[in-house]
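Quick note: the coordinates plus some simple rules give every number you see, no bench work behind them. Because the structure is predicted, anything quoted here is derived from the model rather than measured. Positions of Cβ are generated from backbone atoms using ideal geometry, with glycine treated the same way; all protein chains shown enter the neighbour counts.
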Amino acid sequence: MYSNEKFINREISWLSFNERVLQEAEDPETPLFERIRFIGIFSNNLDEFFRVRVATVRRMVSLGKDEENLLGDMTPNQLHNKIQHIVHQQQRKLDVIFNDILAELEDNNIFMINEAQLTEKQGKFVKSYFYDKVLPNLVPIMLGKNKFPYLRDRSVYLAVKLSQKNNPKEVLYSLIRIPGRSVPRFLVLPEEDGKQFVMMLDDIIRFCMEDIFFYFDHDQYDAYTIKITRDAELDLDDDISKSFIEKMSQSLKKRKKGKPVRLIYDRNMPDDLLQFLLKRMKLAEGSDAVPGGRYHNQKDFMNFPEIGKKHHYYTNLPPSRHKDLPPFTSVLKVLRQQDIMLHYPYQTFNHFIDFLREAAIDPQVKEIGLTIYRVASDSKVMNALLNAVRNGKIVTVVIELQARFDEEANIFWSNKLQEEGANVINGVPGMKVHSKLAWVQRKENGGVRNYAYIGTGNFHEGTARVYADEGLLTADPRLADEVQKVFEFFKQNYLHYNYEHLVVSPFAMRKYFEKHIDQEIKLAKQGKPAWMILKMNSLIDPGMMIKLYDAAKAGVEIQLIVRGIFGLKTGENGLSHNITAISIVDKYLEHSRIFLFGAGGTEKMYISSADWMPRNLNRRIEVACPIYDASIKAELKEMLLIQLRDNSKARVLDPDLSNQYSEDGLDKKFRAQEDYYHYIKSITHSAQEETINTTE
């Protein structure tokens, strides 16, 4: 057995991942406006971390569970304190980076100005905008001895101190919620002398304080931003008279009033105002309250006005069509001849939409099935399914209502599809459905034929443009027929199938991949080449990590590409000296899971919807798919090799969580995402040229 000190704590590892996101905001080689966007991503990530993970740790602390060791040999109380320490450090670093970015913006004649920097002309413009757009959305709340108002989760408020210059003791306090959902967070002011100006909504409100509080006798207004983050855990009651959708809807309403887990405030706030707020909100300074900068909800920087020049943004890399799916091609016809692997975002997600649309209108198609975890708000995927229902197809949609922060959207689509006549299955009792599957059954040659899509990412047009994922389209009976079996299980949970090709959790995935690792251990002990390359988002499952330690000690060479949470300690003598690991954070979010085992020269490869985490292997319906097509296997292996030689955006995952950039082969720069884009583009062009030469 391995003691907990041989692992890295999950929460600390996640904070290290978010540090890598912050590095992108800090990196001067990242285009200026992309650095601003990474500040937004960092802030958004941290919000979700506090709403979910820190809330869980706080619950353990409040329940007095300090005797329980978490992975990484820390009690909940120790862990909570360490999280706060790291977050405080990151917050200070963020402030420095933000100020550096502001200075660089000014070097490019772009100025973020506050209420004290407005010219008379700009002031008139801002006042006009305030009365027209902002004031109708403001509801100031005066704070006194009455019950303290409920503060919305993730909303930014201005805590205002009203005072009189001649009578400093005559003080009032007020709260104003910044209406960031109904008014843009940023205002671009008219250009002057070749200079561009941006003002935040917070400062527009500060500038107009006397217009808000004109009916008071106070003449001095000081406003400081605060933001509350609440526990986002959903609690479902056991009332059997309610449908699951009813329970989810009620629980979502309760979430909005979850317990506060963090108050972030402007560190320049006067102590009397801070203490007043903490006392009324029943929060403790230090553990619950985090000092920050002048502006909060910096996730809004993901939508910073696009007023930069071309070189301030990433080079546009438009997705290409798959070489074997030219325009006006029947996807189903192509699949009768070969498998198709789609590499997002390097190739267009429209191929999958075309697959669904074709199935929806094909008179020979009987039934369509799809699993839904997250979809776009105006989803072409869902519209294709609705079209299929209207065309008389049997449509079965498995919608996971417990997809965190997408619950309301999924409830909407569940109701919409049911109204249209689709067969909607709201998940599997006791488990989440996280597999990414589509299934089409078509009448052919006096019988039926199955077509399938097995992927690593969501059926979401938006994320398919920024998430790096894989999706296999196939009519191979070995795979497509087993996808049908998975849908039969969704329909009737008491039916359990033996899968010969697909690897399905929680029934078989853990044991299946343990068996592959054991095979590599056996080869290593025989003195034969033994190796594996594993790419995933998170690796934190204790059982799988122990198995990898066992393999490393036996002499198996293990190369890992893990974007996020990572619990192994690599490179330690006698434990993990044969394990190397990198994380790539760049333009696209690495989201695919690809597992490649040497297997004595036969090279077994899989794509999967599952990371190696307890929840994925134990409590979720996940599907991993073997790759049988040699050319597809070559494409995926090339991706892994390209990522392993990245020395631009790859960080070494070491026990110290140092996030040092990989410096292998620095005589030449390699950047995996750009290199793979050009690789996909080259094989597409080669195929097109070959077609032209054949037809001439």
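Sorted by packing (mean other beta-carbon atoms within 10 Å per residue), highest first, where do 336-342, 193-199, 581-587 land?
Numbers: 336-342: 17.0, 193-199: 14.4, 581-587: 22.3.
Top to bottom by mean Cβ count within 10 Å: 581-587, 336-342, 193-199.
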From the phi of every residue in region 80-89, what ³J(HN,Hα) in whole Hz does the Karplus formula 6.51 cos²θ - 1.76 cosθ + 1.60 yield, where θ is phi - 60° and glycine or proline is x? 4, 5, 5, 4, 4, 4, 5, 5, 4, 4
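Can you tell me the order of 415-426, 546-557 when each peptide is scored by its average per-residue count of other Cβ atoms within 10 angstrom, highest first? Let's see the in-between values first.
On the way: 415-426: 16.9, 546-557: 19.6.
Answer by packing, highest mean first, reads 546-557, 415-426.
So what is the 222 nm mean residue ellipticity for the chain from helices alone, if each DSSP H run of at least 4 adds -39500 (n - 2.57) and you divide by all residues, rounding to the nearest 500 deg cm²/dmol? All intermediate terms of the calculation are to be shown ahead of the outcome.
Working: 19 runs with 250 residues, N = 696.
Per the formula, -11500 deg cm²/dmol.
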Have a look at Leu32, Leu473, Gln275 and report the one farthest towards the positive end of the charge dipole of the chain, computed about the Cα centre with Cβ charges (Lys/Arg +1, Asp/Glu -1). Gln275
Where nothing but the Cβ of Lys and Arg (+1) and of Asp and Glu (-1) is charged, how large is the charge dipole of the chain around its Cα centre, in debye to the nearest 20? 1700
Helix 32-49 versus the longest principal axis of the chain: what angle, 0 to 90°, nearest 10, using Cα atoms? 90
Semi-axes of the equivalent ellipsoid of the chain: what are they in whole Å, largest first, if each equals the square root of 5 times a C-alpha gyration tensor eigenvalue? 46, 30, 28
Counting alpha carbon pairs within less than 8 Å and at least 6 residues apart, what relative contact order, in whole percent, applies to the chain? 11
Helix 477-491 sits off the longest principal axis of the Cα atoms of the chain, rounded to the nearest 10 on a 0 to 90 degree scale, by 50
Once a ≥ b ≥ c are taken as the square roots of the eigenvalues of the Cα gyration tensor of region 567-696, is the result rounded (a/c under 1.5), prolate (a/b larger than b/c) or oblate (a/b not larger than b/c)? oblate
Angle check, please: helix 10-26 long axis (alpha carbons) against the longest principal axis of the chain (alpha carbons), in degrees 0 to 90, nearest 10. 70
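Only counting other Cβ atoms within 10 Å, I'd like Asp203, Asp95 sorted with the fewest neighbours first.
Details: Asp203 21, Asp95 15.
Neighbour counts put them in this order, fewest first: Asp95, Asp203.
Fewest to most neighbouring Cβ within 10 Å: what's the order for Trp612, Trp531? Write out the running numbers ahead of the final one.
Details: Trp612 27, Trp531 19.
Going from sparsest to densest Cβ surroundings: Trp531, Trp612.
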